[in-house]
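Asks: I have a structure here, written as structure tokens, and I will follow up with some questions on it.
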Amino acid sequence: MKKLLIEALIKFFGGVIIVAGFLFVPAGTLKWTNGIVFMCLLFIPMFIAGIIMYIKNPELLKSRLNAKERQNSQKDVIKYSGIMFIASFVFAGLNYRFGWTSFPNVVMTIGIIIFLLSYLLFAEVLRENTYLSRTIEVKENQKVIDTGLYGIVRHPMYFATLFLFLSMPLILNSPISFIIMLFYIPLIVVRIINEEKFLENKLEGYIEYKKKIKYRLIPFIW
């Protein structure tokens, strides 16, 4: 347990430093209100969620810390997603520094609301499905979850992250970053299609679940 705690803290504070670097170095200052608000919204709930998982479900925390993707087809998705995030954060900082373009003031408030609601939705998905990890895999004795949010769409975690990620540029007041983040849509579509092929072969009952729950990501759309 102590080793898990140390690993979690190292990755958490490492993430804080890395994201701050991608935002505030291009911005040329630490006195960037949008950037500060975003960092608080992103990392304070993450820290609280980490503590809860450490106390109540350390195995889930351990699986969430495992970011090494085994599926070759998914490694490219992870790579391009990383490039997308870096570009989005860097251009948000540059946009603030040089004042290229901006959203109306109300957009930041809308972004904060969407972000927090998406975070809550993500937390609910974690509560419903203790098998979730950051990589595509099937764990021992894993069962298909078909209740709660999983009774609405087959991939509620990706539904939550879709709105979570698209709200980030709204908070950072960067239309350029929002355009960059739109690339998450095709990336997540590819990931879902590949993931479902894997689960059909590896997870008992998943084919029946697909027949029961029609929509993958967004109800009545896809």
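Asks: So which residues in the stretch 1-28 are assigned to a loop (DSSP other than H, G, I, E, B) and either under 19 Å from the mean Cα position of the chain (by Cα) or free of Cβ contacts under 8 Å to residues at least 60 places away in the same chain (or both)?
Replies: Scanning the stretch 1-28 gives a single hit, Met1.
Asks: If I ask for residues that are at pLDDT 90 or above, among the small types (Gly, Ala, Ser) and closer than 26 Å to Glu128 by Cβ, which ones from the stretch 152-208 would you list?
Replies: Result: Ala160, Ser167.
Asks: Pairs under 8 Å by beta carbon, first residue in a loop (DSSP other than H, G, I, E, B) and acidic (Asp, Glu) in the stretch 119-145, partner modelled with pLDDT under 65 and exposed (fewer than 15 other Cβ atoms within 10 Å of the Cβ), six or more apart or different chains?
Replies: Here the result reads Glu137/Arg70, each pair linking the stretch 119-145 to a residue that is modelled with pLDDT under 65 and exposed (fewer than 15 other Cβ atoms within 10 Å of the Cβ).
Asks: Further, regarding this structure: Hey, any hits in the stretch 184-205 for a residue that's within 30 Å of Phe98 (Cβ to Cβ) and exposed (fewer than 14 other Cβ atoms within 10 Å of the Cβ)?
Replies: yes
Asks: Mind counting the residues in the stretch 30-46 that are over 14 Å from Leu172 (Cα atoms) and either touching a residue at least 40 places away in the same chain (Cβ under 8 Å) or outside any helix (DSSP H, G or I) (or both)?
Replies: 1
Asks: Of all residues in the stretch 154-208, how many are part of a loop (DSSP other than H, G, I, E, B) and more than 20 Å from Phe115 (Cβ to Cβ)?
Replies: 4
Asks: Kindly evaluate Thr109 against the criterion of being outside any helix (DSSP H, G or I) and either of a type outside the set (Ser, Thr, Tyr) or within 23 Å of Leu182 (Cα to Cα) (or both).
Replies: For Thr109, the condition - outside any helix (DSSP H, G or I) and either of a type outside the set (Ser, Thr, Tyr) or within 23 Å of Leu182 (Cα to Cα) (or both) - is not met.
Asks: Here are some conditions: (1) assigned to a helix (DSSP H, G or I); (2) within 23 Å of Phe163 (Cβ to Cβ). Phe103 meets all but one. Which one does it not meet?
Replies: (1)
Asks: A further question on this structure: So which of Val77, Val90, Val37 is β-branched (Val, Ile, Thr) and over 21 Å from Ser118 (Cβ atoms)?
Replies: Val90
The values are calculated or read from the model by the stated rules, or taken from the named source; none is laboratory data. This one's a predicted model, so the numbers in the text were calculated from it and none came from an experiment. Don't worry about glycine lacking a Cβ; one is built from the backbone with ideal geometry, like all the others, and counts go over all protein chains shown.
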